[in-house]
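The values are calculated or read from the model by the stated rules, or taken from the named source; none is laboratory data. Computed from a prediction, not measured in an experiment: that's the story for all the values here. Positions of Cβ are backbone-derived with ideal geometry, glycine not excepted, and every protein chain shown enters the neighbour counts.
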Amino acid sequence: MSSGANPEAVKVVVRCRPLNSKEKADGRQQIVDMDTKSGQVSLRNPAADSSEAPKTFTFDAAYDANCTQEQIFEQSAKSIVNSCMQGYNGTIFAYGQTGTGKSHTMTGQPGEQAGIIPRSFAHIFEGVEGSSDTQWMVRASFLEIYNEEVRDLLSKDPKNKLDVKEHKESGVYVKGLNAFVVKSVPELQNVLAVGDKNRSTGATQMNQDSSRSHSIFSITIEGMDKNAAANSEGHIRVGKLNLVDLAGSERQSKTGATGDRLKEATKINLSLSALGNVISALVDGKSGHIPYRDSKLTRLLQDSLGGNTKTVMVANMGPADWNYDETLSTLRYANRAKNIKNKPRINEDPKDAMLREFQDEIKRLKELLEGEGGSLEAAAAAGALGTTPDGKPTIHKSIDPQTVEKMRAEMETQMRAELAQKQGMVGISEDQMAKLKEEAAIKAKEEAQRMEEERQKHASDAEKMKRKQAKIHEEAVRKQEDAEKIRLEKEALAKKLKAMEGKILKGEARGGLAEVTRKKEAELKKREEELERRRQQEEEKVRRIAEMEEAQLAAEGKYINRQEEAEQKTKKLKKLWKKYQEVNAEVDDMYKEFQREKEDLLESIRMLQDQMQLKDMVIEAFTPTEEVQKVMKRAHWDYEREVWVLERLSDMGRREMPVSKRPVSASGQKRPVSDFAKLANAMGDMNPRFRSENILNLELDMPERTTYDYVGPGVDPRVQAAINAAFADDGELLFVGNSPSATPMYNGEAVQAVDASASMGSGSRPGSARRRPDSARRSSSKPA
Ligand code: ADP
Ligand code: MG
């Protein structure tokens with residue numbers, strides 16, 4: 001979805017800083033003149049004689065040394081920020097030689113000297129607060145391109161290199177780049193401060209702490225109609241604001257850079273030339289191919305140059321004579337950029353809108369919180385009560401054998417008492433008595449059995465009940481745990497919900513005095529905008545007049561008489577002659593500039609060739625040819641990452657050799673075994689040569705000894721005795737300290753003239769005498 005996209009030229013403004021104190025002290029001339037009304041800049045060549053006319057260029061606006069930071073923001077940046085809040089993409093970039101005020105223009109200093117970036121922060125949040133009918137989400141990211149490597153300035157590890165990728169729908173992006181949701185101006189300022197600290201800086205002759213990298217600060221602003229948000233069908237507009245501080249555009253020879261610095265300068269110039277080439281290709285319009293892919297910078301700015309973005313370029317320059325070449329080149333660069341046409345349109349409902357994602361997630365969380373498990377309060381109550389249903393058996397008691405016994409005894413006593421009564425009342429015969437007794441016994445037994453059965457039944461019932469009760473208890477505990485879990489989950493959800501809702505910003509619907517103030521502010525803003533519009537119209541008029549004068553020159557004049565015609569034609573001729581001379585000078589300048597560029601390129605090529613030769617020499621001298629060839633065969637170019645990669649050896653092997661498995665033994669043996677050996681083994685032959693299958697089980701036969709110990713020549717017993725006596729003296733050669741180079745001691749006295757290298761290891765080592773000439777030779781063979 002897109003609203004109509006009308007081509008819109010890149011807006012180019014120029015800014016010239018004041019002469020700095022050093023330039024003043026050196027007595028430098030001011031060679032830049034600006035007409036802030038018409039946006040005209042004229043540049044005087046200090047080397048040429050006074051007859052040469054200054055070169056003039058016209059831009060959308062020209063800011064001289066007296067222009068304030070506020071003016072630049074109000075007149076040239078604010079409208080872009082406003083567009084971003086409406087859902088357009090916007091880019092503001094500062095171009096120019098180091099030390100001309102790019103960082104001053106983009107970042108500046110706190111307070112009055114605040115640059116475009118901090119002023120944009122304030123403006124964005126003013127807009128957010130002033131719109132009570134829109135929900136907002138603001139995100140910020142900050143990256144730099146240094147030596148053609150993209151780095152995340154907000155990452156914990158800002159030296160890490162990130163890849164630039166391209167997505168079919170959302171376009172070019174940096175993989176793994178951090179983007180922080182910000183809710184206020186101080187938060188954005190914090191993001192800027194953190195990123196600035198992480199920038200790579202180096203000192204060149206041009207500027208002590210000038211940055212040698214390009215930096216891009218991006219703010220993504222998503223907005224959605226608040227009423228529409230309720231049914232989540234509202235349109236989301238997403239605007240992205242890129243604030244770019246480019247590295248210095250000066251030529252490398254001027255910086256006096258060498259080594260690493262030169263390498264940096266080459267790469268900086270590479271992406272700036274790529275930017276120049278992209279601009280040329282866009283302006284030329286002949287070639288369909290725009291070389292965006294030639295550098296990281298042009299890839300990331302692709303959309304801002306000939307794409308869906310409103311773009312402002314601020315070309316910065318210094319006023320002093322010593323920078324004539326650079327200033328001229330900046331003016332030309334800027335002049336070309338004027339002709340780039342973009343097709344900005346509002347980004348409506350892009351698939352990757354975060355606001356939509358957040359809203360969906362918030363809705364889901366809310367549903368979760370109000371859904372199934374009852375309200376949050378109920379869940380909390382369930383958890384807080386923490387009651388367990390009382391499941392203890394209250395109705396059923398188990399009947400134990402003791403009780404049964406007691407009952408039986410009671411019954412027997414009762415029966416005996418009855419019997420005694422009957423005997424007492426009626427005379428009863430002995431056998432009658434016996435019979436009664438027997439009956440009673442049987443009865444008692446029956447009763448006991450019945451009771452036992454009952455007891456068992458009760459016992460099993462009780463058991464069942466117990467199990468049931470345990471189950472109920474378990475269930476209850478589980479339910480309680482579930483309730484607790486739900487409660488915790490809900491708490492977490494509620495927290496998440498609150499955090500997410502906090503990230504969506506809503507303008508305050510203010511009442512009373514505040515509301516009046518807001519209205520006044522809005523009115524004021526409107527008037528300011530009207531004023532600005534008028535100012536721009538005025539400028540446009542001045543420009544038109546200049547153009548019309550030229551057109552008039554070309555138009556056929558109506559001549560009253562010959563005399564007048566001759567006068568007119570002479571005038572025309574004079575003007576044309578002047579123009580011709582200007583163009584001639586221009587061609588000359590261009591030629592010189594190309595020549596300079598060519599020299600720079602040749603210089604780079606020479607430097608690269610030198611380095612290549614050095615590397616060739618190192619390779620040839622120290623690496624065997626086969627190894628080099630092997631490595632070259634393995635290496636291939638990774639287009640995505642733009643590096644050489646070495647294929648893994650194992651992968652190469654797989655590619656070059658047919659996949660072959662180890663052959664399988666036909667008879668299932670672990671290794672080839674002859675039929676004879678198999679047979680011998682089966683027969684139980686103990687010869688080890690047939691038992692190769694389990695060689696570990698073999699017992700080794702110790703060989704019989706066939707040699708004698710050495711016996712030295714006989715020594716005269718007297719000599720031997722003398723030697724023994726000498727050794728009986730308890731002197732021992734020993735080292736003091738645990739370092740082998742420590743001084744050897746003999747009987748507590750240092751031993752002189754012992755070579756440190758010879759004293760390695762144990763002190764009594766006999767090799768020391770032999771090693772000495774060795775080490776002496778070694779040291780004498782060293783080159784002088
Ligand atoms: P760049 O980023 O292009 O290398 P800087 O922004 O660092 O240049 O500016 C270099 C110096 O000039 C700084 O000290 C800065 O404060 C000063 N400067 C730049 N532009 C202006 C200006 N318009 N007014 C006053 N001082 C300026
Ligand atoms: Mg800078």
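Give the residue, chosen from Lys435, Lys503, Lys496, Lys471, that is modelled with pLDDT of 85 or more and not small (Gly, Ala, Ser). Within the list Lys435, Lys503, Lys496, Lys471, the selection yields Lys471.
Rundown of residues vs (1) surrounded by 20 or more Cβ atoms within 10 Å (Cβ to Cβ); (2) under 34 Å from the mean Cα position of the chain (by Cα); (3) within 16 Å of ligand 2 (Cβ to nearest atom); (4) at pLDDT 90 or above, yes/no style:
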residue: Pro7; (1), (2), (3), (4): no, no, no, no
residue: Arg44; (1), (2), (3), (4): no, no, no, yes
residue: Asn66; (1), (2), (3), (4): no, no, no, yes
residue: Ala114; (1), (2), (3), (4): no, yes, yes, yes
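Return yes when Gly96 is within 12 Å of ligand 1 (Cβ to nearest atom), in contact (Cβ under 8 Å) with a residue 40 or more places away in the chain and at positive phi and no when it is not. Criteria met by Gly96.
When the stretch 674-690 is filtered for residues that are modelled with pLDDT of 80 or more and either surrounded by 10 or more Cβ atoms within 10 Å (Cβ to Cβ) or at positive phi (or both), the ones remaining, listed by number, are Ala677, Lys678, Leu679, Ala680, Asn681, Gly684, Asp685. Note on the stretch 186-243: residues that are of a type in the set (Ser, Thr, Tyr), within 12 Å of ligand 1 (Cβ to nearest atom) and either out of contact with any Lys or Arg (no Cβ under 8 Å at 6 or more places or on another chain) or at pLDDT 90 or above (or both) amount to 2. For first residues located in the stretch 130-150 and farther than 13 Å from Leu300 by Cβ and buried (at least 19 other Cβ atoms within 10 Å of the Cβ), partners that are at pLDDT 85 or above and among the basic types (Lys, Arg) and lie 6+ apart or on another chain with Cβ distances below 8 Å form the pairs Val138/Lys183.
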